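Below: one structure, written as structure tokens.
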Amino acid sequence: MNWLINFIIRVYTRIACRIDAPDLQTVPMQGPLIVITNHTGQIEVPLLFAHLQPRKMTGWAKVEAWDNKFLNWVFNVWGIIPVRRGEADMQALKAALRALEKGYVFGIAPEGTRNRNGILIRAQPGTVTLALRTGAPVLPLAHWGGEKLMKNLKRFKRTDFHIRLGQPFKVDTQGIKVTSEIRQQIVDEMMYKIAELLPPEYRGVYSDLSKATGKFLVNVD
């Protein structure tokens, strides 16, 4: 069933979109790896999951998505992990840790919710906990254009969907006590890595790249 869903999505997205992703297939075939990305909620999740097969992948999605029968079916086939937003969902965290231990590629959107118009909003620090607990490398992935999908479909127009990858890194706290302020600083540094890959008009609250300190991020091969 997994192959059928992925085949249908690949066909649909290639018809609906002009996909510009020159380095997407350089994503490692196995983890542990955390892929962080911006989140418009239009097309990026199914497109990325389908086009990155046959990698072992999972990620978090809001538990409310399972109320939709179609998403319930697809997410269960894909093995997506439901997460309760706005609270410390230890069950979702433990499931994510197990997936990374098993060598999965784990996708997460640090913004925590859809930005809808493609412009970055302030990230939530949950991603930092996952990176610190696992020590897994983090790969920034940025996309843009997908926020225009629904409008373009109504006009029978294809959507230009762009994907770019950044340099993978690990989080190193250098022995500093990780307070809530430090956690937010780290996730902001992560988001600047995504912002660097986006055209300026999409960078939103991360538009000023001069604030991208990178104090707690160490590039890896």
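The values are calculated or read from the model by the stated rules, or taken from the named source; none is laboratory data. Since the structure is predicted, the reported quantities are computational estimates derived from the model, not experimental observations. We place every Cβ from the backbone using ideal geometry, glycine too, and count neighbours over all the protein chains shown.
Looking only at residues in segment 16-27 that are under 16 Å from the mean Cα position of the chain (by Cα) and surrounded by 14 or more Cβ atoms within 10 Å (Cβ to Cβ), the one that is nearest to L93 (Cα to Cα) is V27.
Scanning segment 148-168 for residues that are assigned to a helix (DSSP H, G or I) and buried (at least 22 other Cβ atoms within 10 Å of the Cβ) yields a count of 0.
The residues of segment 176-218 that are crowded, with 21+ Cβ neighbours inside 10 Å and over 19 Å from the mean Cα position of the chain (by Cα) amount to a single one, F216. Would you mind telling me which numbered condition in (1) assigned to a loop (DSSP other than H, G, I, E, B); (2) surrounded by 21 or more Cβ atoms within 10 Å (Cβ to Cβ) L141 fails? Of everything listed in (1) assigned to a loop (DSSP other than H, G, I, E, B); (2) surrounded by 21 or more Cβ atoms within 10 Å (Cβ to Cβ), L141 misses just condition (1).
Would you check if T129 is surrounded by fewer than 21 Cβ atoms within 10 Å (Cβ to Cβ), free of Cβ contacts under 8 Å to residues at least 60 places away in the same chain and touching a Leu at 6+ places or on another chain (Cβ under 8 Å)?
Numbers: surrounded by fewer than 21 Cβ atoms within 10 Å (Cβ to Cβ): yes; free of Cβ contacts under 8 Å to residues at least 60 places away in the same chain: yes; touching a Leu at 6+ places or on another chain (Cβ under 8 Å): yes.
The answer is yes for T129.
Is at least one residue of segment 4-24 closer than 25 Å to E189 by Cα and either part of a helix (DSSP H, G or I) or at pLDDT below 90 (or both)? The answer is yes; a qualifying residue exists.
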